[in-house]
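Novice: My structure is below; once you've seen it, I'll send some questions.
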Amino acid sequence: MKTELLSLSIPLLFCAVALPAYAAQAMHDVAEFITAKGTEERLGPRPALKLDSLPQPDESFPTVLVDTGKTFQTIVGIGGALTDASAEVYAKLPADQQKKLLTAYFDVEQGIGYSLCRTNIHSCDFSSDSYTYAPPGDKDLAHFSIEHDRRYRIPFIQAALAAAPQPFKLFASPWSPPEWMKTNGSMLHGGQLKPEFAETWADYYGRFIHAYEKEGIKIWGLTVQNEPMAVQTWESCVFTGDEERAFVRDHLGPALARAGLAGVKLMIWDHNRGIMYQRVKAVYDDPAAAKYVWGAAFHWYVGDHFDNVRLVHEAWPDKNLLMTEACLGPFAADRVQGWSLGEAYGNSLIHDLNNWAVGWTDWNVLLDEHGGPNHVGNYCFAPVHADTRSGALTFLNSYYYIGHFSKFIRPGARRIATTLNDDRLLASAFLNADGRVAVVVLNLKDEAIDFKLWIDGRAATTNSPAHSIITFVY
């Protein structure tokens, strides 16, 4: 079926979300920004709330209660993935649409201020072809080259960095070692790393990081293997927990240290929440392996299992948690206005952050009118789609739902205590480094809900429309 996005485009409301709109609020005034189903409001401002003294909240009236004096984890950032697919689509856009896209994602005042991004180490499913940086048999990596990436991906990441007021953090993930390093002789369909290539593969990560640094792109973090339990039709490689532990302990950790990259944030797992406790235990309970690991990465597929995220933190509070991939699919042009797309993001962001995640990244930042390109037809949704025939951009409501977090919860923010006395709402709150408090309230219900926002003994009454998300800034 021919897909068509032109008639479904949603305009950006940049002027409505600029930071000056709340930067000069009077003391005890709370700026309010809303996105709501059945309205034109997309990160739109509502009249400021006036907080009045209310030392004791009313248990019988719906209330979101915030204690700014009790802080938890520090936020690293919120953002999405700069993949080959996103870069290829970006390259096909007219210059004015390229600028619009970068402003929308990376400008804090006129856009939603992405501060943490992911990219792939050689090809993944969201590449137009399978490729590596080293030819078959190049065990010493004498011919290692990132020339392939210079066509689309490197210029795209460089342009994104230039558009960001402050450089965002970028981490990288491999989907598979080169086919000649694997037991199945293919980058696709799973397979495993051959033991005789463990040192070569470990050195490969460092070569990638140094090569990107020469292009002016700093790699902040690294995951060991994307989805190590998945045998996919696209690039994939299976690691058991014991194999990941041994690879980190005996090869990758030492290789990064030898390459002068001990400061790169190394993350294990990078798969779903379901068995993440058991997988991280395999590494964390071995001090010789755990010493190299900054934290655990996880995805949102195959069930929510939010309690598992919290349990990992409680068991290993010195390690970090980062949500590294989320997307919805399969792509269908008639679903781009579906409200559930954005709500899935709002629900996951609140639960993951409330359960100790220090950051959150979506998958592709940009895809075309078919939900690609993708060399195995694994098409999905992105927060922004481009019609490559006309250059028109379509902003899905998922863009705005993510923006309710990424724009107002900045790197260095601390999560603060937030409780509710009504199960119909979800909420999370953060204290930014500049002293501003951001409170996000999510309503997934079919009914509007009047509630009080109560912050440190002061409160105001407001309303949450059905299927809406509100960010309050104080």
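The values are calculated or read from the model by the stated rules, or taken from the named source; none is laboratory data. Computed from a prediction, not measured in an experiment: that's the story for all the values here. Cβ sites come from the backbone with ideal geometry, for glycine too, and all protein chains shown count toward neighbours.
Novice: Identify the residue in region 184-204 that is touching a strand residue (DSSP E or B) at 6+ places or on another chain (Cβ under 8 Å) and under 12 Å from Ser236 (Cα atoms) and, among all such residues, is surrounded by the fewest Cβ atoms within 10 Å (Cβ to Cβ).
Specialist: Gln192
Novice: For region 435-458, give me each residue that is of a type in the set (Gly, Ala, Ser) and surrounded by 23 or more Cβ atoms within 10 Å (Cβ to Cβ).
Specialist: Once the filter is applied, which keeps residues that are of a type in the set (Gly, Ala, Ser) and surrounded by 23 or more Cβ atoms within 10 Å (Cβ to Cβ), region 435-458 yields only Ala438.
Novice: Answer with yes or no whether Glu314 is more than 20 Å from Ser176 (Cα to Cα), among the acidic types (Asp, Glu), modelled with pLDDT of 95 or more and out of contact with any Pro (no Cβ under 6 Å at 6 or more places or on another chain).
Specialist: yes
Novice: Looking for whichever is under 25 Å from the mean Cα position of the chain (by Cα), more than 30 Å from Ser60 (Cβ to Cβ) and assigned by TED's automatic domain parsing to the domain that holds Phe106 here; the options are Asp434, Asp387. Which one fits?
Specialist: Exactly one residue qualifies, and that residue is Asp387.
Novice: Another one. Just to check your reading of the model, which residue among Ala48, Ala16 is touching a strand residue (DSSP E or B) at 6+ places or on another chain (Cβ under 7 Å), small (Gly, Ala, Ser) and at pLDDT 90 or above?
Specialist: None of the other options fit; the residue is Ala48.
Novice: Still on this structure, I have one more. For region 164-182, indicate whether the set of residues that are in a helix (DSSP H, G or I), within 25 Å of His370 (Cα to Cα), touching a residue at least 12 places away in the same chain (Cβ under 8 Å) and touching a strand residue (DSSP E or B) at 6+ places or on another chain (Cβ under 8 Å) is non-empty. Talk me through it step by step, then tell me what you get.
Specialist: Taking region 164-182 first, the residues in a helix (DSSP H, G or I) are 179-181.
Subset that is within 25 Å of His370 (Cα to Cα): none.
Checked against the condition, which is being in a helix (DSSP H, G or I), within 25 Å of His370 (Cα to Cα), touching a residue at least 12 places away in the same chain (Cβ under 8 Å) and touching a strand residue (DSSP E or B) at 6+ places or on another chain (Cβ under 8 Å), region 164-182 yields no hits at all.
Novice: While we're here: Is it the case that Gly260 is surrounded by fewer than 17 Cβ atoms within 10 Å (Cβ to Cβ), more than 16 Å from Ala297 (Cα to Cα), in the same structural domain as Arg310 (by TED's automatic domain parsing) and without any contact (Cβ under 8 Å) to a residue 40 or more places away in the chain?
Specialist: Yes; evaluated as a whole, the condition is true for this residue.
Novice: When the residues of region 52-81 are filtered to those that are within 24 Å of Phe106 (Cβ to Cβ) and out of contact with any Leu (no Cβ under 9 Å at 6 or more places or on another chain), which remaining residue is surrounded by the fewest Cβ atoms within 10 Å (Cβ to Cβ)?
Specialist: Thr74
Novice: Answer yes or no: is there a residue in region 345-359 that is surrounded by fewer than 23 Cβ atoms within 10 Å (Cβ to Cβ) and either touching a His at 6+ places or on another chain (Cβ under 6 Å) or farther than 22 Å from His271 by Cα (or both).
Specialist: The answer is yes; a qualifying residue exists.
Novice: Same structure, new question: Suppose the filter is surrounded by 24 or more Cβ atoms within 10 Å (Cβ to Cβ) and more than 21 Å from the chain's Cα centre (by Cα); does Leu252 pass it?
Specialist: On the way: surrounded by 24 or more Cβ atoms within 10 Å (Cβ to Cβ): yes; more than 21 Å from the chain's Cα centre (by Cα): yes.
Yes, satisfied.
Novice: Continuing with the same structure: Quick one: is Arg424 under 17 Å from Ile470 (Cα atoms) and of a type in the set (Lys, Arg)? Walk me through it before giving the result.
Specialist: On the way: under 17 Å from Ile470 (Cα atoms): yes; of a type in the set (Lys, Arg): yes.
Answer is yes for this residue.
Novice: In the list Asn226, Asn184, which residue meets the criterion of being farther than 28 Å from Gly77 by Cα and not aliphatic (A, V, I, L, M)?
Specialist: Step by step, each of Asn226, Asn184 is checked, and only Asn184 is farther than 28 Å from Gly77 by Cα and not aliphatic (A, V, I, L, M).
Novice: Taking into account only those residues within region 86-137 that are crowded, with 24+ Cβ neighbours inside 10 Å and charged (D, E, K, R), which is farthest from Ala160 (Cα to Cα)?
Specialist: Asp125
Novice: In this structure, is Ser115 in contact (Cβ under 8 Å) with a residue 60 or more places away in the chain and within 22 Å of the chain's Cα centre (by Cα)?
Specialist: yes
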